[in-house]
Ligand SMILES: [Mg+2]
């Protein structure tokens, strides 16, 4: 429907511009970024303002969320990864809730919630019903451009736990709204953020052998695909873990070696393991203890010759600030799917960098849409270390017109508005599961 440019539209446009100015002001105040970063952000302001004015005036008017659909699917997988093993040892498949958000002008944004019940408490059933029954009804009618406001609404309707409640369900909505914003303003996400993206990311190959006898073949497979950097899943058996790291280092001495314990050690074991891992040449140890072992992390960080990263438990920016104040870690393994989506994940990276800590690019075996969102975020921060984005390593299908396929251990960042990808709805149907 055509709407004249009137007082109400002009007022909405001005309000939108002030919201953007307000957010940039807050961002500057909180992040104390360099002059160069500040200028880069300011240079994006006209883009945001013109995008806002373009959409909020003239024939289009302010745009609102008209409809949210959720498609629970399972991607078939290859290889062995402990988080996806069923009771009989078979890989269960990568569960995902694909989210389609339609604006009132018909523009569509795509998101994806990617639960792994063996990694944290959300399931395909819970993310699907949470979005369908609790989030979609309160978001329909909300202004598309106001993503921060959408976060406030979803947090009011699914309350916090120790940090954001049901962050994986919320991440899918956040990603879809970012895609929608990009498509409506004809900007990529790094452009919207006022950041210059790098064109591709270096990847790390995940090693999770059931037995050390399987290790050489797995490393060879990674090397044949062009990978030179490896991340290993360790804990609970320190002897097995040290031998695993020793063998990987021997086969790939030049590669970055990243060990992730997923909270599987107790403090005594972690204190014994870290000097030996450092001696072997492991570069970093992620999540050695459960996140609830606060004093354990404080001691381990003081004692460890290896940098200690946190992952599980760093759910909201507020959690992260508290963990930094408590001096628990040397850095954070990021993943937008863990912490409610791109808006809080971007904030977490800024907080981490402002605190002078390490930021490592990680993921949750992200398929298609969640992977594209993660790539856009890390590329926007010019991330140079190997990224543990192993979706393409383990997932066998894609719902994209142009699937994201690594070449020589690197993954290109999709170009174009929003997430830069095209979802083919016909490819969703064969993967749908009945809940
Ligand atoms: Mg981890």
Single residue of 310, 300 found to be crowded, with 21+ Cβ neighbours inside 10 Å, closer than 16 Å to residue 234 by Cα and modelled with pLDDT of 95 or more: 310
Looking at the range 202-235, which of its residues are surrounded by fewer than 22 Cβ atoms within 10 Å (Cβ to Cβ) and under 18 Å from the mean Cα position of the chain (by Cα)? 202
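Given the residues 271, 285, 289, which is the only one that is assigned to a loop (DSSP other than H, G, I, E, B) and either assigned by TED's automatic domain parsing to the domain that holds residue 246 or within 16 Å of the ligand (Cβ to nearest atom) (or both)?
On the way: 271 fails: assigned to a loop (DSSP other than H, G, I, E, B); 285 fails: assigned to a loop (DSSP other than H, G, I, E, B).
The match here is 289.
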Restricting attention to helices (runs of 4 or more DSSP H) lying wholly within the range 65-177, give those where 3 or more residues are surrounded by 22 or more Cβ atoms within 10 Å (Cβ to Cβ). 124-130
Pick from 409, 418: which is crowded, with 24+ Cβ neighbours inside 10 Å and more than 24 Å from residue 316 (Cβ to Cβ)? 418
For the range 248-263: of the residues being touching a strand residue (DSSP E or B) at 6+ places or on another chain (Cβ under 9 Å) and in a loop (DSSP other than H, G, I, E, B), which is farthest from the ligand (Cβ to nearest atom)? 252
List the number of the failed condition for residue 250; all other conditions in (1) touching a residue at least 12 places away in the same chain (Cβ under 8 Å); (2) over 24 Å from residue 326 (Cα atoms) hold. (1)
Of the listed residues (400, 389, 371), the one being away from the ligand (no atom under 15 Å from the Cβ), within 25 Å of residue 192 (Cα to Cα) and within 13 Å of the chain's Cα centre (by Cα) is 371
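Got at least one residue in the range 304-317 being within 30 Å of residue 160 (Cβ to Cβ), within 19 Å of the chain's Cα centre (by Cα) and more than 15 Å from the ligand (Cβ to nearest atom)? So that I can check it myself, show each step before the final result.
Residues of the range 304-317 within 30 Å of residue 160 (Cβ to Cβ): 307-317.
Of the ones still in play, those that are also within 19 Å of the chain's Cα centre (by Cα) are 309-317.
Right, trim to more than 15 Å from the ligand (Cβ to nearest atom) and you get 316-317.
Yes, the range 304-317 has at least one match.
The values are calculated or read from the model by the stated rules, or taken from the named source; none is laboratory data. Here the structure is a predicted model, which is why all the values come from computation and not from measurement. Positions of Cβ are backbone-derived with ideal geometry, glycine not excepted, and every protein chain shown enters the neighbour counts.
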